[in-house]
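Report on one structure; see the data block that follows.
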Amino acid sequence: MKEPRCETIDSLRFRITKRFGAKTVLRDFALEVRGKQFITFLGPSGCGKSTSLNIVAGLIPPTTGEVWIDGERIDHLPPEKRGFGMVFQNYALFPHMTVFANIAFGLQLQRRPAAEIAERVQQMLDLVQLLGYEGRYPGQLSGGQQQRIAIARALVLCPRLMLLDEPLSNLDAKLRVEMRAEIKRLHTNLGLTSIYVTHDQVEALSLSDWVVVMREGLLIQEGTPQEIHDQPVNIFVADFMGFRNFFPTQVVAVGPDRDVEAAGNGMKIRGKTRHTFAPGASVVAAIRPNDVMVGGDAANPNAFRAKVDIVEYLGREDEVIVTLEAGGRLWVQTAARLTPGENVTVVLPPERVIFLPPEEDGGTV
Amino acid sequence: MKRPRTSEPSELDLLAIACLLPSFLYVLVMFVYPFLYGIYLSVHPLKIDGFSLANYIAFFTDQYQYKTVGITFRLAVPNTIVVVAISLLFAYNMRRGIWLERTITTILVLPISLGVILLSQGILGFYGGKGWLNQLILGLGLLEDSLVLTHNFTGVMLSLFMQQFPFCFLMLLGYISGIDPSIENSARTLGANPWTVFRRVMLPLIAPGLAIAFALVFVMSFGTFASAIMLGQPSGSTRTIAIAAYAQAFEMFDMPYASAIAVIMGLFQLAGLLVIILLRRRMVTAATMGVGKR
């Protein structure tokens, strides 16, 4: 069956502040994005990502602020007038209606002819690969099936903006990976604009064209998944993106092309930074466990002697904690099978080491 | 746990039975025995030896008596509808919490703690012929004559409403606020305005709770006694079936006849419940299939 393509938005722009009583959930959270993209709001729970999605949907009013779509201000519109589709973490299907009635609900409200409704519901069931389930009730479906029906129910109306609020959080790990690919496929094939809220960095990186990292109601960093992954702006984003090793150091010298040489903890470390630091400044060196190399000559730059502490089997690789001779612990992911107590040389490749401002600065870009 | 039928009862089973015994005895002595004794009494009239349906026949052939059934229905049905409808209105609009919720809920619930007698006295004092309300209306010159709100049908309705509203409201509030808000939110994003959300999504989900509310309020209203005496015309327009039973028992001292009337009252209450249950089945066969929250 031919998949329909939906009219979608060209741009979304907002600047919102939201307070619940004395608690500020969103502090002047501003964003401007192009349409036809997959945009992810990424952050830990309580960072305001779901609240901002609900404000865009019209389900929660902002305390102050504006939401604009294609040059039209929409924050005064009730949710039913916005033409957005929304998918919720707990599926939110109508338990008293069959799968057919759930998907047909929006079309019936638009007073479409019955024949058209029946055809489009079939088309959607085909799209989410649940043909033949139209007579079932939500309570008779598995979590993954329910979520696919919820997606079909939103997509059947061809929403100009698709909002997904942690849609995979209630599914088990295997299903999550399957559904992730499914969501990406539907987004691409239908030519949608989607905003996806998640606390899972893997979901954010694998799905998105544009990632917005949030913390405590503030926008911390936005960019392409590559940018967020390789050049986090501060310790918070770096930690979220899988940097596990952080060393407090002082800048010794700044080279061309954003090279930095720093010293601290009895070690000299070379790396890169996206920030401008002056010599003598306090900085934090960071590296991912799987970027650390084991073995090699201890005379190399960024090579350190260490002793293996703990080895955890992860399958293809081991997760290893080593104690550096100079002091401090280092998380390493390596295929080299090490044994606790063994002395090794670890190398932190300079192109993989990044320097970040210390935590107090916050350091937003 | 499945166990072969022939096996000896284990200690655990004996212990469980022993623990159940006091409550079982209590129900037996305080409810089952008086109930069955009442039925037994009702078919053994005073002037006849042995079994007879004379009391039941007497009730349904005496206009003064059988009229009470109609009177009771005329009170109980409108009262039930009004109480449940207003409770639903309040509970639905308070489902996501409101400003000063605790204070407002406390005020609404206060009448429960007062008891029927105190409440009725209060209604007499406020709504009575020389009550505050009438004094205010006459004092302001809004009306020529005072409103007659007590010692008639209206008085009983007022009293029943005040007794039952808090309880019904709290029950529905608990039921409605337990429905996952994202169900409602998803309906909104699919293009439903608040009224459509209520009619097509929320009402079917509330229906089972609504049926329970209807059933309980109806049974309570049908058995009304104290308010019908204190605020109504116990010998005329509000002579409910409970008053008829009381009169037979403690004015005519005809316990068997009184028991028969009580049994008849119970049967009508049961019939009312049956109607509500059947209506509920028709309305929401599917709503019980599963709830979105899991």
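Restricting attention to the stretch A:139-153, the residues that are assigned to a helix (DSSP H, G or I), surrounded by fewer than 24 Cβ atoms within 10 Å (Cβ to Cβ) and at the interface with chain B (Cβ under 9 Å from one of its Cβ atoms) total 3.
Taken together, the residues in the stretch A:238-283 that are without any contact (Cβ under 8 Å) to a residue 60 or more places away in the chain and in a loop (DSSP other than H, G, I, E, B) amount to 8. Taking the listed residues B:272, B:292, the one that is assigned to a helix (DSSP H, G or I) and at pLDDT below 95 is B:272, with no other qualifying. Here residue B:59 meets the list (1) in contact with a helix residue (DSSP H, G or I) (Cβ under 8 Å, 6 or more places away or on another chain); (2) surrounded by fewer than 15 Cβ atoms within 10 Å (Cβ to Cβ); (3) over 11 Å from residue B:256 (Cα atoms) almost entirely, failing just condition (2). Restricted to the stretch A:36-99, the set of strands (runs of 3 or more DSSP E) holding at least 3 residues that are touching a residue at least 12 places away in the same chain (Cβ under 8 Å), touching a strand residue (DSSP E or B) at 6+ places or on another chain (Cβ under 6 Å) and within 14 Å of chain B (Cβ to nearest Cβ) comprises A:84-87. Residue A:228 falls short on exactly one of the conditions (1) buried (at least 19 other Cβ atoms within 10 Å of the Cβ); (2) β-branched (Val, Ile, Thr); (3) within 17 Å of residue A:358 (Cβ to Cβ), and that condition is (3). Can you confirm whether residue A:315 is modelled with pLDDT under 90 and surrounded by 13 or more Cβ atoms within 10 Å (Cβ to Cβ)? So residue A:315 does not fit the description; no. Exactly one residue out of A:242, A:217 is at positive phi and surrounded by fewer than 22 Cβ atoms within 10 Å (Cβ to Cβ): that is A:242.
Each row is one residue, and each column tells you yes or no for (1) in contact with a His (Cβ under 8 Å, 6 or more places away or on another chain); (2) more than 15 Å from residue A:243 (Cα to Cα).
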{"residue": "A:279", "(1), (2)": "no, yes"}
{"residue": "A:286", "(1), (2)": "no, no"}
{"residue": "A:314", "(1), (2)": "no, yes"}
{"residue": "A:356", "(1), (2)": "yes, no"}
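Of all residues in the stretch B:217-269, those satisfying the criterion of being surrounded by fewer than 21 Cβ atoms within 10 Å (Cβ to Cβ), touching a residue at least 40 places away in the same chain (Cβ under 8 Å) and part of a helix (DSSP H, G or I) are B:219, B:220, B:226, B:230, B:242, B:255, B:263, B:265, B:268, B:269. Applying the criterion of being more than 10 Å from chain A (Cβ to nearest Cβ) and among the small types (Gly, Ala, Ser) to the residues of the stretch B:177-225, the residue that is nearest to residue B:163 (Cα to Cα) is B:221. Remark: pairs (first residue in the stretch A:106-135, under 24 Å from residue A:81 (Cα atoms); second residue part of a helix (DSSP H, G or I) and of a type in the set (Val, Ile, Thr); Cβ separation under 8 Å; 6+ apart in sequence or on different chains) = A:107/A:117; A:107/A:121; A:108/A:117; A:109/B:196; A:121/A:103; A:124/A:103. Entry remark, the stretch B:1-54: residues being outside any helix (DSSP H, G or I) and modelled with pLDDT under 85 number 10 in total. For the stretch B:195-210, a tally of residues being touching a residue at least 40 places away in the same chain (Cβ under 8 Å) and either within 16 Å of residue A:101 (Cα to Cα) or surrounded by fewer than 20 Cβ atoms within 10 Å (Cβ to Cβ) (or both) returns 6. Here residue A:23 fits the description: in the same structural domain as residue A:204 (by TED's automatic domain parsing), within 21 Å of residue A:199 (Cβ to Cβ) and surrounded by fewer than 21 Cβ atoms within 10 Å (Cβ to Cβ).
For residue A:120, indicate whether it is more than 14 Å from chain B (Cβ to nearest Cβ) and either of a type in the set (Val, Ile, Thr) or part of a helix (DSSP H, G or I) (or both). Answer is no for this residue. Scanning the stretch A:105-132 for residues that are farther than 26 Å from residue A:144 by Cα and surrounded by 13 or more Cβ atoms within 10 Å (Cβ to Cβ) gives A:109, A:112.
Residues of the stretch A:80-100 that are over 20 Å from residue A:11 (Cβ atoms), surrounded by fewer than 24 Cβ atoms within 10 Å (Cβ to Cβ) and not aromatic (Phe, Trp, Tyr): A:80, A:89, A:90, A:97, A:98. Would a scan of the stretch A:166-174 turn up a residue that is more than 19 Å from residue A:102 (Cα to Cα), away from chain B (no Cβ under 14 Å) and assigned to a loop (DSSP other than H, G, I, E, B)? Checked the stretch A:166-174: at least one residue is more than 19 Å from residue A:102 (Cα to Cα), away from chain B (no Cβ under 14 Å) and assigned to a loop (DSSP other than H, G, I, E, B).
The values are calculated or read from the model by the stated rules, or taken from the named source; none is laboratory data. Quantities reported herein were computed from a predicted structural model and do not represent experimental measurements. Neighbour counts are summed over all protein chains in view; Cβ atoms, including those assigned to glycine, are modelled from backbone coordinates with ideal geometry.
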